[in-house]
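A.B. asks: Please find one structure pasted underneath; my questions will follow.
Readers should treat all values here as calculations from the given coordinates under stated rules, not as data from a laboratory. As the structure is a computational prediction, the values presented were derived from the model and not from experiment. Heads up, the Cβs are rebuilt from the backbone with ideal geometry, glycines too, and the neighbour counts pull from every protein chain shown.
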Amino acid sequence: MNIQKLMKQAQQMQAGMAAAQEELARRTFEASVGGGKVTVVATGGGDVQSIIIDRSVVDPEDVEFLQDLVLKGVQEAIAKGKAVAAAEMQKLTGGMGLPF
């Protein structure tokens, strides 16, 4: 096995992974919960960009329900981004099990 060739391949893979992570950080992922009453948009980097709440779900007597919906929406939007990131990294590493 040629160590120089292996090092070059590793460097190319690392550059590809960095580019993919940058691209994923710019992409947005949307999750709607509660029958579309709460919509969350987050980046692939896990930053929440917006939360839209339908007025009909705002009930001062049941704040916990709204809190649960918002939390679930945030979790789902971030999970979508993580799933896409994992799939993209899997493509780049070819299933080598490398951390990213």
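A.B. asks: Can you tell me which residue within region 18-44, out of those that are within 17 Å of residue 89 (Cβ to Cβ) and touching an Asp or Glu at 6+ places or on another chain (Cβ under 9 Å), is surrounded by the fewest Cβ atoms within 10 Å (Cβ to Cβ)?
C.D. replies: 23
A.B. asks: What are the residues in region 1-31 that are in a loop (DSSP other than H, G, I, E, B) and basic (Lys, Arg), if any?
C.D. replies: Within region 1-31, 27 is the sole residue that qualifies.
A.B. asks: Select, from 59, 68, the only residue that is charged (D, E, K, R) and either surrounded by 15 or more Cβ atoms within 10 Å (Cβ to Cβ) or assigned to a helix (DSSP H, G or I) (or both).
C.D. replies: Selected residue: 68, the only one of 59, 68 that is charged (D, E, K, R) and either surrounded by 15 or more Cβ atoms within 10 Å (Cβ to Cβ) or assigned to a helix (DSSP H, G or I) (or both).
A.B. asks: Also: Within region 80-96, take every residue that is small (Gly, Ala, Ser) and surrounded by 14 or more Cβ atoms within 10 Å (Cβ to Cβ) and give me the one that is farthest from residue 41 (Cα to Cα).
C.D. replies: 85
A.B. asks: Please state which one of 61, 76 is more than 30 Å from residue 15 (Cα to Cα) and free of Cβ contacts under 8 Å to residues at least 60 places away in the same chain.
C.D. replies: 61
A.B. asks: Right, something else. What pairs come up if the first residue lies in region 10-27 and is on the phi > 0 side of the Ramachandran plot and free of Cβ contacts under 8 Å to residues at least 40 places away in the same chain, the second is exposed (fewer than 11 other Cβ atoms within 10 Å of the Cβ) and hydroxyl-bearing (Ser, Thr, Tyr), and their beta carbons are under 8 Å apart, counting only those six or more places apart or on different chains?
C.D. replies: none
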